[in-house]
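See structure below.
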Amino acid sequence: MIELLVTLGLIVGLVASHELGFRLGSASRSADELLDRQLVLVRASTAALVAFLIGFAFSGAASRFIDRLDIIVKEANALGTAYLRADVITEPQRTELKAALKEYTADRVRLLSREGRDQVEALLGKVGGLHERMWKAATKGTQGDAPLMSVVLPPINEVIDLHSEHLAMARRHLPVPIMVVLLGTAAIGVGMIGFGNGRIGRRFSALDSVYGAVLAAALWMTIDLDYPGMGLIRVSNRVVAETLATMN
């Protein structure tokens, strides 16, 4: 639903910008060769600036998307390692630690799934309690045994640390002022095209539609890539699900 609203918003915004530009151009129609030459220059410069800003924004969004994928792999590896090393401690801490790790991993799978979008707050609210369960079981099971502590505690600590890192990464997006400038510049660029069309009193519907569709698609993809928890482009939970499947 959100991705549909973003798409519709971009299309409506671009169409409105073009129409506004066309009406302004129609109202200022006159034989002014110098103005028309300057208009061509400004229009080309604005289009180049829009392309640069979209490239800059897309590159940043793609980089953050890859970072999110990488941290999910790290988290899955840390959970798998912690679960295996839980075997070296005695009961009942072994069962308690494994149960907490398995529940935590299952929650991560749901958190990263499309179906878990409405459960984000509830699942994040459980994290602190699960971290405490893991740590208490691990420290109690290794109490007084320094070599055992060095084996069991590091992956548990890594799981806890990676949660904060993952959360920070999920909240890292293109700064709002840059997004506003990007969308505003795109609207001005389309408006300039409409203004030029209005100056000559002719619409180029097919050509303008192609440019508008390509521009809207580029903007949509950049936004969707930067918010992978909301749109169609999502980080995969497959690696965490595979780790959960190994937790017998």
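The values are calculated or read from the model by the stated rules, or taken from the named source; none is laboratory data. Remember, predicted model here, so these are calculated numbers, not experimental data. Glycine also receives a Cβ, built like all others from the backbone with ideal geometry; neighbour counts cover every protein chain displayed.
Quick one: would you say Arg234 is loosely packed, with under 14 Cβ neighbours inside 10 Å, basic (Lys, Arg) and either at pLDDT below 85 or outside any helix (DSSP H, G or I) (or both)?
Against the criterion (loosely packed, with under 14 Cβ neighbours inside 10 Å, basic (Lys, Arg) and either at pLDDT below 85 or outside any helix (DSSP H, G or I) (or both)), Arg234 does not qualify.
Quick check, is Ala61 on the phi < 0 side of the Ramachandran plot, touching a residue at least 12 places away in the same chain (Cβ under 8 Å), in a helix (DSSP H, G or I) and surrounded by 13 or more Cβ atoms within 10 Å (Cβ to Cβ)? Working first, answer last.
Values: on the phi < 0 side of the Ramachandran plot: yes; touching a residue at least 12 places away in the same chain (Cβ under 8 Å): yes; in a helix (DSSP H, G or I): yes; surrounded by 13 or more Cβ atoms within 10 Å (Cβ to Cβ): yes.
For Ala61, the condition - on the phi < 0 side of the Ramachandran plot, touching a residue at least 12 places away in the same chain (Cβ under 8 Å), in a helix (DSSP H, G or I) and surrounded by 13 or more Cβ atoms within 10 Å (Cβ to Cβ) - is met.
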Conditions (1) aliphatic (A, V, I, L, M); (2) under 22 Å from Ser45 (Cβ atoms); (3) surrounded by 16 or more Cβ atoms within 10 Å (Cβ to Cβ); number of the one not met by Ala138: (2)
Qualifying residue in the stretch 48-55 (condition: in a helix (DSSP H, G or I), aromatic (Phe, Trp, Tyr) and in the same structural domain as Pro155 (by TED's automatic domain parsing)): no
Residues located in the stretch 217-233, provided they are under 14 Å from Ile11 (Cα atoms), of a type in the set (Gly, Ala, Ser) and touching a residue at least 60 places away in the same chain (Cβ under 8 Å): Ala218
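Of the residues Ile188, Ile193, Ile160, which is touching a residue at least 24 places away in the same chain (Cβ under 8 Å), part of a helix (DSSP H, G or I) and within 27 Å of Glu121 (Cβ to Cβ)? Can you show your working first?
Details: Ile188 fails: within 27 Å of Glu121 (Cβ to Cβ); Ile193 fails: within 27 Å of Glu121 (Cβ to Cβ).
Unique residue meeting the criteria: Ile160.
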Single residue of Arg29, Arg43 found to be modelled with pLDDT of 80 or more and either assigned to a helix (DSSP H, G or I) or more than 30 Å from His166 (Cα to Cα) (or both): Arg43
Candidate set from the stretch 78-93 (those that are assigned to a helix (DSSP H, G or I) and surrounded by fewer than 16 Cβ atoms within 10 Å (Cβ to Cβ)); member that is nearest to the chain's Cα centre (by Cα): Leu84
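Does Gly144 count as at pLDDT below 90 and either among the hydroxyl-bearing types (Ser, Thr, Tyr) or surrounded by fewer than 19 Cβ atoms within 10 Å (Cβ to Cβ) (or both)?
Values: at pLDDT below 90: yes; either among the hydroxyl-bearing types (Ser, Thr, Tyr) or surrounded by fewer than 19 Cβ atoms within 10 Å (Cβ to Cβ) (or both): yes.
It is true that Gly144 is at pLDDT below 90 and either among the hydroxyl-bearing types (Ser, Thr, Tyr) or surrounded by fewer than 19 Cβ atoms within 10 Å (Cβ to Cβ) (or both).
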Selection within the stretch 8-26 - within 15 Å of Ala216 (Cβ to Cβ) and either of a type in the set (Ser, Thr, Tyr) or outside any helix (DSSP H, G or I) (or both): Ser17
When residues of the stretch 180-223 are limited to those that are crowded, with 19+ Cβ neighbours inside 10 Å and among the β-branched types (Val, Ile, Thr), the one modelled with the lowest pLDDT: Ile193
Exclusive hit being over 21 Å from Leu244 (Cα atoms) and not hydrophobic (A, V, I, L, M, F, W, C), set Asp70, Asp107, Asp87, Asp118: Asp118
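Just checking, which of Val50, Val6 is modelled with pLDDT of 85 or more and over 30 Å from Asp145 (Cα atoms)? Explain how you work it out, then say what you get.
On the way: Val6 fails: modelled with pLDDT of 85 or more.
Every option except Val50 fails the conditions.
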